[in-house]
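To start, the structure under review is shown below, and the notes come after it.
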Amino acid sequence: MIYVRRVGPLVLHTRQRNRKKLKFILMVAAFMISMGLVLKLLQINPEVTLSNLIERSVDEMHLVPSKPDVGKKMMEIKPNVPKAKCGLAKPCPAGGLAFKMYSGATNIVGPQICFDGKMLIQKETRGNWLGINIAVINEETGEHVKTGSFNMWTGKVEELIEFLKSIEDGSFVLITTFDDPYTKLNEEARTLLAELGSAFISKIGFRDNWIFVGGKNTLARVYFEQHMKNDRDTNKYDGWPEMIEMEGCIPRLR
């Protein structure tokens, strides 16, 4: 194997030296031309200073065009639409009272009633709000008056009857069920519920789901109602029908 060792100083080729000299001369010439142009500009317009030119060049470096924020423009153009209460798709007409309600699901998930943006009955777990649940609303003021929950499996129907009789004229009622609304229900209770406007109360059976909006001698005769029958062939759950939901607006005429 042969090793070659360099001896003496490194000597550049003549062409390489000439090329470096030429590059240096061109850089100096470009600098001189630039300075000449700047000096001439300063002579032509005395208001222009060297510091102004430097500041202007720095500003132009920062003025990089960016893509328009389409989402932001859409948000600016979008009209100021008021948010609907209780999660409705759109606000109720002037003076209308929004509601959204759910029955329970089996005997696990409890019912829910939202009225005018307020949660009167909140979904809870097993054991709460079992049976028939009623929220009473004053038609004139739109205020929540009271809420009652009546267990129709182990409770007393007399408590439900007493509550229904205590409802004053000019009151809206919102009713939802959970688990079993039927077992302790008797004819007197059914009659009182029918007087509030229910068309399905006579058909309510064991573990049926039922939600209803009606009123007692109200100016606005508004009735909303849904009924889901407990049927072994159509039940969504083992022994219980599917949960039902309903939403809408109650007009106020007072």
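Residue-wise, which Karplus ³J(HN,Hα) couplings in Hz belong to the range 86-103, taking 6.51 cos²θ - 1.76 cosθ + 1.60, θ = phi - 60°, and x for glycine or proline?
6, x, 5, 5, 8, x, 5, x, 3, x, x, 10, 7, 9, 8, 9, 10, 7
Extension gain PHE31-GLU162, at 0.36 nm per residue separation less the Cα-Cα distance, in nm? Don't skip to the answer; put the middle values down first.
Details: separation 131, 0.36 × 131 = 47.16 nm, distance 10.16 nm.
Gain on stretching PHE31 to GLU162: 37.0 nm.
Please check which bits of the range 209-237 a label hung off ILE108 would reach, taking the label as a point 7 Å along Cα-to-C-beta and the cut-off as backbone N under 11 Å.
Label zone hits: 237.
DSSP loop GluC sites (Glu not before Pro) in the range 114-198 with at most 15 other Cβ atoms within 10 Å of their Cβ, which ones? It would help to have the intermediate numbers written out before the result.
On the way: sites: GLU124, GLU139, GLU140, GLU143, GLU158, GLU159, GLU162, GLU168, GLU187, GLU188, GLU195; in loops: GLU124, GLU139, GLU140, GLU143, GLU168.
For GluC sites (Glu not before Pro) across the range 114-198 that sit outside H, G, I, E and B with at most 15 neighbouring Cβ atoms in 10 Å, the list reads GLU124, GLU140, GLU143, GLU168.
Give me the one-decimal nm value for the distance between modelled label points at THR183 and GLU247, 7 Å along each residue's Cα-to-Cβ direction.
Going by the 7 Å Cα→Cβ label model, 3.4 nm.
What order, most packed first, do the peptides 102-113, 20-31 have when packing is the mean number of other Cβ atoms within 10 Å of each residue?
Working: 102-113: 22.0, 20-31: 10.1.
With the highest mean Cβ count within 10 Å placed first, the list reads 102-113, 20-31.
Any idea what Rg and Dmax come out to for the range 132-204 if you just take the C-alpha atoms, in Å?
Every Cα atom of the range 132-204 included, Rg and Dmax give 11.9, 36 Å.
Rounded to whole Å, give me the distance from the Cα center of the range 123-157 to that of the range 175-254.
Their Cα centres are 13 Å away from one another.
Let me know the volume per residue of the alpha-carbon convex hull for the range 85-250, in Å³. Walk me through the numbers on the way to the answer.
Numbers: hull volume 17.1 nm³, N = 166.
Looking at the range 85-250, the number lands at 103 Å³ per residue.
Counting other Cβ atoms within 10 Å, which trypsin sites (Lys or Arg not before Pro) in the range 155-229 have at most 12 and lie in a DSSP loop?
Values: sites: LYS156, LYS165, LYS184, ARG190, LYS203, ARG207, LYS216, ARG221, LYS229; in loops: LYS156, LYS184, ARG207, ARG221, LYS229.
Passing sites in the range 155-229 are LYS156, ARG221.
Compute the FRET efficiency between THR234 and LYS118 as 1/(1 + (r/R0)^6), taking r as their Cβ-Cβ distance and R0 = 30 Å, and round to the nearest 0.05. Each step should come with its number before you reach the end.
Details: r = 34 Å, r/R0 = 1.14.
After rounding, the FRET efficiency stands at 0.30.
Every read-out reported here was derived from the displayed coordinates using simple, explicitly stated rules and does not represent laboratory data. Fair warning: this is a prediction, and the values are worked out from it, not measured in the lab. Glycine gets a Cβ as well: all are built from the backbone with ideal geometry, and neighbour counts include every protein chain shown.
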